[in-house]
Amino acid sequence: YLILFLVGDFVSWNVHRILHRVPWMWEFHKVHHSVEQMGFAAHVRYHWMENLIYWTFRFLPFAVLGADMGQIFGIHVLNLAWGHFNHTNITVNPRVTGSIFGALVGAGLAYLYADAVWMWPVWIVGGVLVFGLILGKYMRHIFNSPEMHLWHHAWEIPASHPNGINFGITLAIWDYIFGSAVVPKIDGSVKLGFDHLEEFPKGFLGQSVYGFGKPKHVAIEKAVKK
């Protein structure tokens, strides 16, 4: 599970970077970035083409590593739950996040390896101690967080990172390893969106077909140049 999770998360991180770098993919990804107020529901506003792009790349390493559908589903549920958390505009003490995560890890390990029911609390408390107390202060550098992901959606990003920042899905380590991690400050009032957001479709149907034609502002800019 751990190897599948790490490989899948790294692949997803790279796909996310590509969505910001390849112009035609970015047009589809704009649907997700069109949110102007962060909330957990923002996680599920995305273009249907993103599923095709993400899962095309995700299934390849999963297939090579011999993952079964149960393992893939379990990883998907974890990513989905953490994605909801990342899109909430809240600030959580990293030790609290670590404690919750540690309790879940402990429960999972107890389910797999604890022979007696009375051992479950031991595994759970052990998970809380490891991820909450020992690794707690490092949680924002290990896992993606609402504070970090908010800046990924920021209207204004550093000039040193013109293609975006903080691409992490569940883990934040890839951004720190490859230099795309930027969290200027903990601030829930960051302006979200992108240039020409006022011209972006607001309705479901308009956003569903967005990306298959040239954006309105591109046509206007070309006309002005002529």
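Summary of computed values
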{"item": "Residue under evaluation Val130, criteria (1) part of a loop (DSSP other than H, G, I, E, B); (2) at pLDDT 90 or above; (3) of a type in the set (A, V, I, L, M), criterion not met", "result": "(1)"}
{"item": "Conditions (1) touching a residue at least 60 places away in the same chain (Cβ under 8 Å); (2) farther than 25 Å from Phe194 by Cα; (3) among the aliphatic types (A, V, I, L, M); number of the one not met by Ile134", "result": "(1)"}
{"item": "Residues being aromatic (Phe, Trp, Tyr) and surrounded by 15 or more Cβ atoms within 10 Å (Cβ to Cβ) - total across segment 111-128", "result": "2"}
{"item": "Qualifying residue in segment 91-110 (condition: open to solvent by less than 30 Å² (accessible area, probe 1.4 Å), under 30 Å from Glu36 (Cβ atoms) and part of a helix (DSSP H, G or I))", "result": "yes"}
{"item": "Helices (runs of 4 or more DSSP H) wholly inside segment 158-226 that include at least 1 residues being at pLDDT below 90", "result": "204-209, 216-225"}
{"item": "Residue tally, condition closer than 29 Å to Glu147 by Cα and in contact (Cβ under 8 Å) with a residue 24 or more places away in the chain, over segment 46-61", "result": "8"}
{"item": "Filter pass, Val15 being more than 30 Å from Val125 (Cβ to Cβ), at pLDDT 90 or above and within 18 Å of the chain's Cα centre (by Cα)", "result": "yes"}
{"item": "Residue in segment 152-194 that is surrounded by the fewest Cβ atoms within 10 Å (Cβ to Cβ), counting only those that are of a type in the set (Val, Ile, Thr) and touching a residue at least 24 places away in the same chain (Cβ under 8 Å)", "result": "Ile186"}
{"item": "Test: residue in segment 30-42 that is within 25 Å of Leu197 (Cβ to Cβ), within 16 Å of the chain's Cα centre (by Cα) and without any contact (Cβ under 8 Å) to a residue 40 or more places away in the chain", "result": "yes"}
{"item": "Output for segment 1-38, where each listed residue is of a type in the set (Val, Ile, Thr) and open to solvent by 20 Å² or more (accessible area, probe 1.4 Å)", "result": "Ile3, Val7, Val11, Ile18, Val22"}
{"item": "Evaluation of Glu36 against (1) assigned to a helix (DSSP H, G or I); (2) closer than 22 Å to Ala181 by Cα (one fails), failing number", "result": "(1)"}
{"item": "Count - residues of segment 56-86 that are open to solvent by 80 Å² or more (accessible area, probe 1.4 Å) and in a helix (DSSP H, G or I)", "result": "7"}
{"item": "Filtered residue count, segment 44-55, keeping only those that are open to solvent by 40 Å² or more (accessible area, probe 1.4 Å) and in a helix (DSSP H, G or I)", "result": "5"}
{"item": "Segment 62-103 - residue that is under 19 Å from the mean Cα position of the chain (by Cα) and small (Gly, Ala, Ser) and, of those, farthest from Glu147 (Cα to Cα)", "result": "Gly74"}
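The values are calculated or read from the model by the stated rules, or taken from the named source; none is laboratory data. Every value quoted in this text rests on a predicted model; they were computed, and no experiment measured them. Every residue, glycine as well, gets a Cβ built from its backbone with ideal geometry; the counts of neighbours run over all protein chains shown. Ligands, DNA and RNA are excluded from the accessible area calculation, which covers all protein heavy atoms including side chains. Shrake-Rupley method; radii C 1.70, N 1.55, O 1.52, S 1.80 Å.
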